[in-house]
Amino acid sequence: MAASHRSPELYYVISDLAGTSDVAVVEEDGTVVGQIEVDGLSARNAEDLAVGPCGPDDDATCLFIGDIGNHVGLPDLFIYRIAESDLDDLPARVSADMLQYTYPGEPTDAEALFVDDEGRPILISKAWFDESTGETGPTQVLRGSRDGGRLEHLGDLDLPEPESALFAGLVGHVVTAADSTPGRVIVRTYDEIYEYRATESSADLGTFPEWPVRHVPTPFQMQSETIAYRIDGCGYLTTSELTGSIDGVACE
């Protein structure tokens, strides 16, 4: 899920089913406004969306489709970049730049994507989980160039210990979604939501693991796999993949 920058109050959502070729546009309560077919898209496992600058010093914004799920160990991943248009006149079909990336090491699964102020995608991996021991592996932060190529490993993310570990004990303390706005990054797990805040809004989003972090209000949802800031940065929405319910948290 990601908020449109061109049409406030509207959001993009996407299915993670294999073969997905379109993006839905919905209102905050989940009412479907329409579907947009994306030329050339037949996603293997689209796990997140992001809206951000199309490039450095670019006032135009783009929608980024993260075909980044990889629990089967494929050697590459794809991100589709689409110039945002006015959703009041919803396009039936759009073209996209298909960006191909390879991993800096072993392939890793990922469900979280956001974009920095230069239009570069940043991924947060979904760590492996050992059911027999209850151990969750490292959570990696990776950044790509604007044009594809080899991802850069920026480091590992040390998630806070969950205050409520209802799902972490079953599936691991893993990241299922993320979003950003200048100076802030919000991260979703199955149990909780964390917000990282920089001291300066101009801080490099790739350094967010070093920023102060806090737990923020987390609506209870089964299998929650999205998080999206509202366009004004005042609160956020999160969605259950299992039920489709959307819950909002307003500004404190």
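The values are calculated or read from the model by the stated rules, or taken from the named source; none is laboratory data. Only a predicted model underlies this, so the values are computations on that prediction, with no experimental measurement involved. As a convention, Cβ positions derive from the backbone with ideal geometry for all residues, glycine included, and neighbour counts pool all protein chains shown. Each accessible area value is taken on the protein alone, full model and side chains, heavy atoms only, with ligands, DNA and RNA left out. Shrake-Rupley method; radii C 1.70, N 1.55, O 1.52, S 1.80 Å.
P(r) for the chain, from all Cα pairs and a bin width of 5 Å, is 1, 6, 14, 20, 21, 18, 12, 5, 1, 0, 0 %, short bins first.
In this simple spin-label approximation, Cys234 and Arg93 carry label points 7 Å from Cα along the Cα→Cβ vector, and these lie 4.0 nm apart. Between region 111-135 and region 35-63, what is the separation of their alpha carbon centroids in Å? That distance is 18 Å. Once C-alpha pairs closer than 8 Å and six or more residues apart are averaged by separation and normalised to the residue number of the chain, the relative contact order reads 13 percent. Annotation for Phe129 and Thr243: the two label points, set 7 Å from Cα along the Cα-Cβ direction, are 1.9 nm apart. Between Glu106 and Val72, the modelled labels are 1.9 nm apart [label points 7 Å from Cα along Cα→Cβ].
Along the Cα-to-C-beta direction of Glu28, a point sits 7 Å from the Cα; which residues of region 212-240 have their amide N less than 15 Å from that point? Those under the cut-off are 228-239. Ligands, DNA and RNA left out, the 1.4 Å accessible surface of region 153-221 is 51% carbon and sulfur atoms.
For the chain, the antiparallel share of DSSP beta bridges with both residues in that region comes to about 95%. Based on C-alpha pairs under 8 angstrom that are at least 6 apart in sequence, region 107-252 has a relative contact order of 16 percent. In the chain, the calculated helix contribution to ellipticity at 222 nm averages 0 deg cm²/dmol per residue, counting -39,500 (n - 2.57) for every DSSP H run with n ≥ 4. Taking the charge dipole of region 146-201 about its Cα centre, with +1 at Lys and Arg Cβ atoms and -1 at Asp and Glu Cβ atoms, the residue from Thr176, Tyr194, Gly149 reaching farthest to the positive side is Gly149. Nearest 20 debye, what's the magnitude of the dipole of region 1-49 about its Cα centre given +1 on Lys and Arg Cβ and -1 on Asp and Glu Cβ? That gives region 1-49 a dipole magnitude of about 160 debye. Applying the Karplus relation 6.51 cos²θ - 1.76 cosθ + 1.60 with θ = phi - 60° to region 157-166 yields 3J(HN,Hα) values of 9, 8, 5, x, 5, x, 6, 10, 10, 4 Hz, where x marks Gly and Pro.
Here the dipole of the chain is about 260 debye; that uses its Cα centre as origin and unit charges on the Cβ of Lys and Arg (positive) and Asp and Glu (negative). For region 57-171, the antiparallel share of DSSP beta bridges with both residues in that region comes to about 95%. The slack in the chain from Leu170 to Glu37, taken as 0.36 nm per residue of separation less the alpha-carbon distance, amounts to 44.3 nm. The accessible-area ordering, largest first, of the residues Ile231, Ile79, Ile14 stands as Ile231, Ile14, Ile79, per a 1.4 angstrom probe.
What is the local net charge at Asp117, summed over the other residues whose Cβ is closer than 11 Å to its Cβ (Lys, Arg +1; Asp, Glu -1)? It works out to a net charge of -4.
Classify region 1-149 as rounded, prolate or oblate from the Cα gyration tensor: take a ≥ b ≥ c as the square roots of its eigenvalues, call it rounded if a/c is under 1.5, otherwise prolate when a/b beats b/c and oblate if not. Judged from the Cα gyration tensor, region 1-149 comes out prolate (a/c at least 1.5, a/b above b/c). When only the Cβ of Lys, Arg, Asp and Glu is charged (+1, +1, -1, -1), the dipole of region 135-252 relative to its Cα centre reaches about 300 debye. In percent, rounded to a whole number, the relative contact order of region 1-94 is 26, using alpha-carbon pairs under 8 Å and six or more apart.
Judged by the mean number of other Cβ atoms found within 10 Å, the most tightly packed of the peptides 200-207, 112-119 leads the ranking 112-119, 200-207.
The overall shape of region 66-216 is prolate: from the C-alpha gyration tensor, with semi-axes ordered a ≥ b ≥ c, the ratio a/c is 1.5 or greater and a/b exceeds b/c.
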